[in-house]
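Undergrad: Just dropping this structure here.
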Amino acid sequence: MTATSTQADDDEKRLAELGYKQELRRKWSGFSNFAISFSIISILAGCFTTFGQAWMNGGPIAISWGWPLISIFILIIGFCMSELVSAFPTAGGIYWWAARLGKPVHGWFTGWLNLVGLVAVTASVDYGCATFLSFVLEAYTGWDSTNLNLTFLLFAIILVAHVAINIWGHHIIDVLQNVSVWWHVAGAATIVLILVFVPTKHQSLQFVFTERFNHSGYSSSTYWFLVLPLGFLLTQYTITGFDACAHVSEETIGASKAAAKGLWQSIFYSAIGGWILLLAFLFAATDVDAITEGGGYSTYVFKTALSPGFYKAVIVISTVGQFFCGMSCITSMSRMTYAFSRDRAVPGWRLWSKVNRNGTPVNAIVGASVAGLVLTLPALWKSPNGQPTAFYAVVSVAVIGLYLAFLIPIYLRLRIGDKFVPGPWTLGSKYKVLGWIAVTEIVVVSIYFILPFTPAAIPGNDGFTWTAVNYAPLALVLVIGGAALWWAVSAKHWFKGPIRTIDEAVAEDTAAVTE
C-alpha cells in the first residue's frame, strides 16, 4: 500500500469514528485544501470590490493601518478554528463543532448562520465579478457598466457557469483550486508592479499612512468610533470564507493536519499579499477628487493613474481572479448545504443530501446557488448616493453570518476548557487568551456592520430613502428569527445534532480493518 492510500484509510477511520461513512471522493491534497480558502479569500476580489467602502469611510488610514490591524484579529480567529478542524475534520465544519461541543440548539443556530453566510459570500463574490466583467466589456465594447439590469444578467450567467463547473468539472475542481492560487499570486504581483512603475507620479508616505476621509454623510465627530470602523468592512469581508478548509475536509487526504494548516495559512498569506496590493492602490491614488466622485471605487484609481492598456490589464486580471473565487465559494457552500441536510436540518433534506455517482452533491449546488440569486435581487435598485448599498448589504450579511457562526464553537471550546480532546494541531494552553480575543472581536464587528452606512438610511432623517438602507440586519433577523421560531415550534423535538450515517459496530470494524 502507498503512503497516500494508507493515509486515506486513516482518514476514513477517523470519519467513521465521528459517525459518517465516506461518500465524498477523498482526493484533495493539503495544498488543494489550502487553495480553496485562499481562493475564496481572494485578494483579487475583496480588495477591488470593497475598496470604496474603506476609502469613503475613513480614507487611506482605514486601509493602510486598518488592514493589518484587522488581519491580526482574523488570524487569531483562524488559529482557534484550526484547532477545531484538526479535532473534527467533517464537511459540516462549524455547526458540527458547535453541536459536538455544546447542545443540538447550538448546532442548529450555528448551521443556519453559516449556511446563510456562505450563500451571501457566494452571491457577493459573483456579483462583484459581474461588476468587474461589465467594466471589462465597457473598456473593449460599448457595454453600459452603469446599467444594473445588465450587471445582474452577467451575475446570473456567472453563477450558472460556476454551477456547471462544480457539477460537470468535479474531476478537476481540486486542480482548478491549485491553478487559482498561482493566478492570484502572479496576478497580484503583476498589478503591484504595474502600479509601481507605470504611473508618472505617486502619493506620499504621509498621505498613505495619515490621511483621513469622511464621505459617509455622518458628522466628523463620529469619525473614530463610527465612520472608521465601517471602513474596516473591507478587511473583514475580504478575509473570510476560510472555513472552506473544514467543509472539504472529508475530501482531503490527511485532513486532521492538512485542513488545520490550510485554514490559518490561507489567512496569513492573504493578509500579507492583500496589504501589499492595497498599499500599491493608495500610492497610485493621486487624483483624489475623481476617485471620491466615483464612490471610491478601485477602478477609478486605475483609470486615473494608468494608460488605457494597463487599465484593461489590471481589471482583466482581477476579473479572472474573482471568477476563480466564485467557483471556490460554490464548492464550499454546497458542501455545507450537503452536510447540514445530511443531518436533516434543511427543509427538503433528502433532496439536498443526495450525491451523484461521482460523489458530487448536485442538488445542494443548484439549490444554494438559487438562494444566492434571490438574496441579491435588491442590487437591481441603485442607491441615490451612487453607492452600491445593496452590494455592501450582501457583504455585511456574509460577514456577520459567517463570523457569528465562527463565534459559537469558539466560545463553546472556551467553555469546556481542558475537557476538550484536541487533534494533532492544537493551541495548547494559549486557547484561552486567543479564544476570548476572537469572541470579543466578532461581537464588536457584528454590531458595527448592521449599522446604517449613511444617515440617509435612518428613518426620519432628511433625505431618507429605502434604497440606502443596509438590509443586512433585516435579512439576519429574518434568518435568526425564523430559525428560532422553527426551533421552538418543531425542531427542538427532532433535531438532535449530527446524525450518524454509520453505526458504532461498523465504525469499530472500520477501525479494526485499517489498523
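The values are calculated or read from the model by the stated rules, or taken from the named source; none is laboratory data. All values derive from a computational prediction rather than experimental measurement. Ideal geometry is used to build each Cβ from the backbone, glycine not excepted, and the neighbour counts take in all protein chains shown. Only protein heavy atoms, including side chains, enter the accessible area calculation; ligands, DNA and RNA are left aside. Shrake-Rupley method; radii C 1.70, N 1.55, O 1.52, S 1.80 Å.
Undergrad: Taking a 19 Å limit on the Cα-Cα distance, which of the listed pairs Lys21/Lys354; Lys13/Lys354; Lys261/Lys430; Lys261/Lys496; Lys103/Lys257; Lys354/Lys492 fall beyond it?
TA: Numbers: Lys21/Lys354 14 Å; Lys13/Lys354 22 Å; Lys261/Lys430 17 Å; Lys261/Lys496 31 Å; Lys103/Lys257 26 Å; Lys354/Lys492 24 Å.
Distance filter (> 19 Å) returns Lys13/Lys354; Lys261/Lys496; Lys103/Lys257; Lys354/Lys492.
Undergrad: Measure off 7 Å from each Cα along the Cα-to-Cβ vector at Lys201 and Asp289, then give the distance between these two points in nanometres to one decimal.
TA: A separation of 1.3 nm, rounded to one decimal place.
Undergrad: Using Cα-Cα distances under 8 Å and only pairs 6 or more residues apart, what relative contact order does the chain have, in percent?
TA: The normalised contact order for the chain reaches 33 percent.
Undergrad: I need the shape label for segment 133-205. Rule: rounded when a/c is under 1.5, else prolate if a/b > b/c, else oblate, with a, b, c from the alpha carbon gyration tensor.
TA: It is oblate, given that a/c is not under 1.5 and a/b is not larger than b/c.
Undergrad: Report the calculated FRET efficiency for Lys496 and Leu377 (r = Cβ-Cβ distance, R0 = 30 Å), to the nearest 0.05.
TA: Computed FRET efficiency for Lys496 and Leu377 comes out at 0.30.
Undergrad: Which entry is the computed Cα extents along the principal axes in Å for this structure: (i) 70, 51, 45; (ii) 92, 46, 43; (iii) 77, 50, 41?
TA: (i)
Undergrad: Taking only DSSP H segments of four or more residues, each worth -39500 (n - 2.57), what value at 222 nm results for the chain once the sum is divided by all its residues, to the nearest 500 deg cm²/dmol?
TA: Working: 24 runs with 344 residues, N = 515.
When only DSSP H runs of four or more count, the value is -21500 deg cm²/dmol.
Undergrad: If you roll a 1.4 Å probe over the heavy atoms of the protein chains, what accessible area per residue do you get for segment 374-461, in Å²? Don't skip to the answer; put the middle values down first.
TA: Numbers: 3800 Å² over 88 residues.
Roughly 43 Å² per residue, with all protein chains present.
Undergrad: For segment 133-217, report the accessible area per residue in Å² (1.4 Å probe, heavy atoms, rounded to an integer).
TA: Value for segment 133-217: 53 Å² per residue.
Undergrad: With a ≥ b ≥ c taken as the square roots of the eigenvalues of the C-alpha gyration tensor of segment 200-246, please select rounded if a/c is under 1.5 and otherwise prolate if a/b is larger than b/c or oblate if it is not?
TA: Oblate, since a/c reaches 1.5 and b/c is not below a/b.
Undergrad: Still on this structure: Rounded to the nearest percent, how much of the accessible area of the chain (1.4 Å probe, protein heavy atoms only) is carbon and sulfur?
TA: Carbon and sulfur: 66 percent of the exposed surface of the chain.
Undergrad: Of Ile317, Trp143, Ser256, whose Cα points farthest to the positive end of the dipole of the chain (charges on the beta-carbon: +1 Lys, Arg; -1 Asp, Glu; origin at the Cα centre)?
TA: Ser256
Undergrad: Still on this structure, I have one more. Would you calculate the separation in nanometres between label points at Ile72 and Ser220, each defined as 7 Å from the Cα along the Cα-to-beta-carbon direction?
TA: 2.9 nm
Undergrad: Let me ask something else. Indicate the gyration tensor shape class of segment 412-504 (rounded, prolate or oblate), computed on the Cα atoms with a ≥ b ≥ c the square roots of the eigenvalues: a/c under 1.5 is rounded; otherwise a/b larger than b/c is prolate and the rest oblate.
TA: The shape class here is oblate.
Undergrad: Any lysines with Cα under 24 Å of the Lys303 Cα? List them, leaving off those in the same chain fewer than 8 positions away.
TA: Lys201, Lys312, Lys382
Undergrad: With the crude spin-label approximation of a point 7 Å out along Cα→Cβ, what separation in nm comes out for Ser307 versus Ile157?
TA: Distance between the two pseudo-spin positions: 3.0 nm.
Undergrad: In the chain, which longest range has no trypsin sites (Lys or Arg not before Pro) that are both DSSP loop (not H, G, I, E or B) and surrounded by at most 11 other Cβ atoms within 10 Å? Before the final figure, lay out each step's value.
TA: Details: sites that count: Lys201, Arg357.
Here the longest segment lacking exposed loop sites spans 1-200.
Undergrad: On to the next question. Round to the nearest 0.05 the FRET efficiency obtained for Ile447 and Asn149 when R0 = 25 Å and r is the Cβ-Cβ distance. Could the numbers behind the result be given before it?
TA: Numbers: r = 35 Å, r/R0 = 1.38.
Once the sixth-power term is evaluated, E becomes 0.10.
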